[in-house]
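Down below is the structure, laid out as structure tokens.
The values are calculated or read from the model by the stated rules, or taken from the named source; none is laboratory data. Being a predicted model, the structure only gives us computed values, none of them experimental. Note: ideal-geometry Cβ built from the backbone for every residue, glycine included; neighbour counts use all protein chains shown. Please note that ligands, DNA and RNA were not included when accessible areas were found on the heavy atoms of the full protein model with its side chains. Shrake-Rupley method; radii C 1.70, N 1.55, O 1.52, S 1.80 Å.
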Amino acid sequence: MIFSTLEHILTHISFSIVSIIITIHLITFLVDEIVKLYDSSEKGMIMTFFCITGLLITRWIYSGHFPLSDLYESLIFLSWSFSLIHIIPYFKKNPNFLSTIMGPSAIFTQGFATSGLLTEIRESTILVPALQSEWLIMHVSMMILGYAALLCGSLLSVSLLVITVRKKRKFFSTSNHLLNLNESFFFGEIEYMNEESNFLQNTSFFSPRNYYRSQLIQQLDYWSYRVISLGFIFLTIGILSGAVWANEAWGSYWSWDPKETWAFITWIVFAIYLHTRTNRKWKGRNSAIVASIGFLIIWICYFGVNLLGIGLHSYGSFTFN
Amino acid sequence: MKTLNSTTVSKLQLRNIRNGFKFKTHFSFSNNSFLYSAKNGRTLTLTLSFSSNKTVFSKLKTSENQSKIKGNKKSLQAPTTTNIEAPEPGGAPPATGGGSDGGTVKQPPPPAAAAESKKVGSWKLKGLPKKVLAVLSNLPLAIAEMFAIAALMALGTFVPQGETPDFYFQKYPEDNPVLGFFSWRWILTLGFDHMFSSPIFLGTLSLLGASLMACTYTTQIPTVKVAKRWSFLHSAEAIRKQEYSDALPRASIQDLGVILMGAGYEVFLKGPSLYAFKGLAGRFAPIGVHLALLLIMAGGTLSATGSFRGSVTVPQGLNFVIGDVLGPSGFLSTPSESFNTEVHVNRFYMDYYNSGEVQQFHSDLSLFDLNGKEIMRKTISVNNPLRYGGITIYQTDWSLSALQIMKDDEGPFNLALAPLQINGDKKLYGTFLPVGNADSTNLKGISMLARDMQSIVLYDQEGKFAGVRRPDSKLPIDIDGIRIVVLDAIGSTGLELKTDPGVPIVYAGFGALMLTTCISFLSHTQIWALQDGTTVVIGGKTNRAKGELSDDMNFLLDQVPEIVDSKQSDIVSG
């Protein structure tokens, strides 16, 4: 009882902190940087990180196993990974757009996990026989860390695409703005600012705003590459440890189970991304397109396969009963 | 700063010695201590005594020294190239042209030698494989192959696999095709009903494997050779053109070398020039990734062609022979000695949670050899298989085989349980105990149903619910005057057996892939510096962590001490 209350409290704290952070981020992006506000948002993210960590630990203690056995727990872990990735640049003093992307990602997963949709499976705490292995921690945590990093990196690529596309048809239309905004409201904000500045500053190529933007594009490109490379390592380790585990539990290291197959597809798509990076001509736009495809494929892999509830990984699926 | 230097300087020298070994073959110094006098008057002394007869020298190379080495290197290169190409005309040229991929990958001849061997060797035969190589190592082709594989796999998850043709006739009818064209004809002709073993998929996969090899051979290895060849930049202009460049006034290049060394760089100094690099492994690692993938592919092929598989459901207390269960999967499958082993299921049981759900399945297995001697005994469970002589036995399934009961204190009787078909994938087993005259046409009796081994539901002759008994409770139940005690529910264990000779290879590939992928994250950073009067011009580039380079460099350059007096700098660096 104490545990579930504690869990409840921690869930709500982390959720509300993340929402506050997002608001702060939007404010800092719209208005000029308010250093104090920005600082507090960073501190808030660290608080969130500790809240979710506490949440995971409480769950671990009272369920007796590592909290990665179903979709709810994996979502919580995903948002934990997001906040972890978010914190790293805080110590390395890297650009703040990483946190602009990680913040909303964290709140979406956190919100989705804690929303009513998944209340059914939130209670289940038993571990099916196939999951009772030390490989569970290794495999699932690596996979989800990989997903988190890859999602983050591909979101950076998506935002790069959005910015460059807007750049090409600066004055032609603003009608698509809504569509883009719908897609990802936070990129919409970046864009919005850029557009504003364009109206104000004219289109002179050497204007400081343009310089800022090309700088931003370069940064986005670079960081999405680095973060995806990191996620790719996690994904590789995750898939391979899963294969070793499958050889212990199911009798074959690879059985073309849908989840396995989609993880492999994800791996291949990001391998393609890394290969497009080796070609100077394809850097930037083309690799960003590949990464955006990868973004969709991660979601198919993570949710789509579970929605269908097919294959050997079915314990991670939705249960609407 | 001084105290720091006194320790790190010796490190600098030691590092350089390591490099010095490279040229041991060209120079030999008979003395164990080596006094080195630099051009500008500073003296560096290093005395090292080795008990072995190895020759050691320290080096902060002078330009003459360096040029000598380079000259010697060049003159030495010529004879080695002739050595490489010498056997070629004498040997069988077609074999070297077509099949020596493995050999040439390991020892690709240097460009000069390649050009020469073209003249000498029969290069017409070599021409075709080269063209094929060039096509295969084409990056867009490789990317297209990867996309094709991804698409085929995605399709393989959407089209239900391994069904009967009738299923596809119904699900993908020709008069109403999916997306306007995709009907059963496509699926069955292209083999998409068994996607992951279809010729198209395997063909694409092997094409990708060929591309991997070609790319490793034609693109990756040459780039590494270029990266390995460290070179000094002698003009400040060239250094300033690098991705990162900076100039430090009143600094000494030796100090910079020491600091770079402290940051993990390999540093080479030659007069006023400095070259340093870090993370060279990051350049090698992608080759390792490709080789690891090839290893996994090879292991997978061996698994597919050389393994045995089989599954069996054995009631508790019965035996089976391993060889009877296993069936070969490919032409390389050869049975082994251990196939004669007999497996006895001593016990099958389940663990339950308090809520009643199954926690774990266990099978207590004994292995007997041909003479009936027990050679191994192990209780297996899910995630905990038994391994013996290349055979692995997995716990994968279960069912109920019989109920053991006492009827009116007679018995015990074993009633065979039959699986009953119900909706969903829950299991249900049932049996029937006849009451009265067994020959009568209107036979009635007691029905017993079981979902698992925990509780048995009993129904009387009219089919009405009579009660529930747990096998371990030994509590009797009275149904229509008959006293029944359910003694036990006897389960049968569902085992899966396999032999797979590919697993060690695949695991080796997995290990290599994990390691090399991690190393691939490292960025190969190269730094050049030139002492230009009292100013040090620094330039650098890196292949991956481009964003962090300037921060890292600025951090390092901040540590470089500023020289106030030239005499002091002597002490610091010496």
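For segment A:248-268, which residues satisfy the criterion of being closer than 20 Å to B:SER307 by Cα, touching a residue at least 24 places away in the same chain (Cβ under 8 Å) and either facing chain B (nearest Cβ under 7 Å) or not in a loop (DSSP other than H, G, I, E, B) (or both)?
Listed by number, the residues that qualify are A:GLU248, A:ALA249.
Could you tell me which of the residues B:GLY539, B:GLY494, B:GLY509 is within 14 Å of chain A (Cβ to nearest Cβ), surrounded by 22 or more Cβ atoms within 10 Å (Cβ to Cβ) and either of a type in the set (Gly, Ala, Ser) or in contact with a Lys or Arg (Cβ under 7 Å, 6 or more places away or on another chain) (or both)?
Answer to the check: B:GLY509.
Quick check on my filter: what residues within segment B:184-197 are open to solvent by less than 80 Å² (accessible area, probe 1.4 Å), more than 14 Å from every other protein chain (Cβ to nearest Cβ) and either farther than 23 Å from A:TRP256 by Cα or aromatic (Phe, Trp, Tyr) (or both)?
B:TRP184
Looking at this structure, is A:TRP223 assigned to a helix (DSSP H, G or I), under 21 Å from A:THR164 (Cα atoms) and at the interface with chain B (Cβ under 9 Å from one of its Cβ atoms)?
It is true that A:TRP223 is assigned to a helix (DSSP H, G or I), under 21 Å from A:THR164 (Cα atoms) and at the interface with chain B (Cβ under 9 Å from one of its Cβ atoms).
Quick one: which of B:ASN354, B:ASN371, B:ASN383 is buried (at least 17 other Cβ atoms within 10 Å of the Cβ) and free of Cβ contacts under 8 Å to residues at least 40 places away in the same chain?
The match here is B:ASN383.
Tell me yes or no: at least one residue of segment B:336-350 is among the aromatic types (Phe, Trp, Tyr) and surrounded by fewer than 21 Cβ atoms within 10 Å (Cβ to Cβ).
Checking segment B:336-350: at least one residue is among the aromatic types (Phe, Trp, Tyr) and surrounded by fewer than 21 Cβ atoms within 10 Å (Cβ to Cβ).
Scan B:ILE149, B:ILE143 and give me the residue that is under 28 Å from A:VAL290 (Cα atoms), part of a helix (DSSP H, G or I) and free of Cβ contacts under 8 Å to residues at least 12 places away in the same chain.
Going through B:ILE149, B:ILE143 in turn, just one is under 28 Å from A:VAL290 (Cα atoms), part of a helix (DSSP H, G or I) and free of Cβ contacts under 8 Å to residues at least 12 places away in the same chain: B:ILE143.
Out of curiosity, is A:LEU235 open to solvent by less than 20 Å² (accessible area, probe 1.4 Å), farther than 21 Å from B:LEU515 by Cβ and more than 7 Å from every other protein chain (Cβ to nearest Cβ)?
No: the conditions fail for A:LEU235.
Select from segment B:128-153 the residues that are more than 14 Å from chain A (Cβ to nearest Cβ) and either open to solvent by less than 20 Å² (accessible area, probe 1.4 Å) or in contact with a strand residue (DSSP E or B) (Cβ under 6 Å, 6 or more places away or on another chain) (or both) and list them in ascending order.
None - no residue of segment B:128-153 is more than 14 Å from chain A (Cβ to nearest Cβ) and either open to solvent by less than 20 Å² (accessible area, probe 1.4 Å) or in contact with a strand residue (DSSP E or B) (Cβ under 6 Å, 6 or more places away or on another chain) (or both), so the list stays empty.
State which residue is farthest from the other protein chains (Cβ to nearest Cβ) when the search covers only segment B:330-372 and only residues that are out of contact with any Leu (no Cβ under 9 Å at 6 or more places or on another chain) and among the β-branched types (Val, Ile, Thr).
Going through the qualifying residues, I end up with B:THR334.
Hey, among the residues in segment B:158-176 that are in a loop (DSSP other than H, G, I, E, B) and of a type in the set (S, T, N, Q), which one's farthest from the chain's Cα centre (by Cα)?
Applying the filter and picking the extreme gives B:ASN176.
Test A:LEU240 against the criterion of being facing another protein chain (nearest Cβ under 8 Å), open to solvent by 20 Å² or more (accessible area, probe 1.4 Å) and part of a helix (DSSP H, G or I), and give yes or no.
Answer is no for this residue.
Given the conditions (1) crowded, with 20+ Cβ neighbours inside 10 Å; (2) facing chain B (nearest Cβ under 9 Å); (3) modelled with pLDDT under 90, report the number of the one that A:ASN306 does not fulfil.
Exception for A:ASN306: condition (2).
Could you grab me the full set of residues in segment B:460-518 that are part of a strand (DSSP E or B) and on the phi > 0 side of the Ramachandran plot?
B:GLY467
Against the conditions (1) facing chain A (nearest Cβ under 10 Å); (2) farther than 27 Å from B:ILE221 by Cα; (3) open to solvent by 70 Å² or more (accessible area, probe 1.4 Å), where does B:GLY156 fall short? Just the number, please.
Unmet for B:GLY156, out of (1) facing chain A (nearest Cβ under 10 Å); (2) farther than 27 Å from B:ILE221 by Cα; (3) open to solvent by 70 Å² or more (accessible area, probe 1.4 Å): (3).
For the list (1) over 30 Å from the mean Cα position of the chain (by Cα); (2) modelled with pLDDT of 90 or more, I need the number of the one condition that B:TYR394 fails.
Here B:TYR394 clears every test but (1).
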